């Protein structure tokens, strides 16, 4: 028997609708507005080194992103209405809410792909030996508080310790525990590799001076470390939920909120620090 009953159906419905509007409407409009401001305030004929694609391609991508987001919203809203008409239970609605979230995240992944594609084009256009800003003698502590790093490591260690306790004592042989910790470890390794590349690698920051690059590295490190901490906390919540037999609908709610928090944190990824360095005379 579950420790907690299913959440009220109105709570699940409100969470579903909020997710639809937040990701596919609010975040979408915010991203497109900032990108449009960039294209308008810093036109390509004055800041040619800021863009990998021509202006027509950039405008087309804005249109594609808009309709992808609106399509995801429409699919989600139709699904929500259908579930209400069929009178489905809370846990069914919560399951669908999580599946719709994956559809809503697809346009963001597509934009991230475009961003990576642009970086590759710029890397080929401007050779590393000319554009790489060297940062000699800097360590991790020069960019981020070690206390913040330690908190992240401690939270990961707690998640591993709790998983070991559940797998060996409280819930022997539970496969979900192994899956969560394996996924958490993969996230840790990936973030660790990104941090190493940021601090010790030769990142191709085109037309960016050392001080500006240091600021960008610091911001990215804070985001990566915060993401690792948040993910470890999320894993701990899931493990504790299993241990106390919390209703699965609550777990889906936590997962939806976690996804929305990550999306909100990354909404400004295209806005540069100092676009003036990308002028023709740079």
Query raised in the report: When you look at residue 103, is it free of Cβ contacts under 8 Å to residues at least 40 places away in the same chain, surrounded by fewer than 16 Cβ atoms within 10 Å (Cβ to Cβ), touching a helix residue (DSSP H, G or I) at 6+ places or on another chain (Cβ under 8 Å) and under 21 Å from residue 259 (Cα atoms), yes or no?
Result: no
Query raised in the report: Residue check: is residue 235 at pLDDT 75 or above and under 29 Å from residue 13 (Cα atoms)?
Result: yes
Query raised in the report: What number goes with the only condition from (1) at pLDDT 70 or above; (2) surrounded by fewer than 17 Cβ atoms within 10 Å (Cβ to Cβ); (3) farther than 29 Å from residue 253 by Cα that residue 209 does not pass?
Result: (1)
Query - Evaluation of residue 183 against (1) in contact with a helix residue (DSSP H, G or I) (Cβ under 9 Å, 6 or more places away or on another chain); (2) surrounded by 13 or more Cβ atoms within 10 Å (Cβ to Cβ); (3) modelled with pLDDT under 80 (one fails), failing number - result: (2)
Query raised in the report: Any idea which residue in the stretch 158-176 is surrounded by the fewest Cβ atoms within 10 Å (Cβ to Cβ), counting only those that are modelled with pLDDT of 75 or more and under 12 Å from residue 235 (Cβ atoms)?
Result: 161
Query raised in the report: Can you tell me how many residues in the stretch 31-59 are part of a helix (DSSP H, G or I), in contact (Cβ under 8 Å) with a residue 60 or more places away in the chain and under 24 Å from the mean Cα position of the chain (by Cα)?
Result: 5
**Report entry** Among (1) within 17 Å of the chain's Cα centre (by Cα); (2) under 21 Å from residue 151 (Cα atoms) - the single one residue 236 does not satisfy
**Finding:** (1)
Query raised in the report: Among the residues of the stretch 20-34, is there at least one that is over 22 Å from residue 120 (Cβ atoms), modelled with pLDDT under 85 and surrounded by 14 or more Cβ atoms within 10 Å (Cβ to Cβ)?
Result: yes
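The values are calculated or read from the model by the stated rules, or taken from the named source; none is laboratory data. These numbers come from a predicted model, not from an experiment. Positions of Cβ are backbone-derived with ideal geometry, glycine not excepted, and every protein chain shown enters the neighbour counts.
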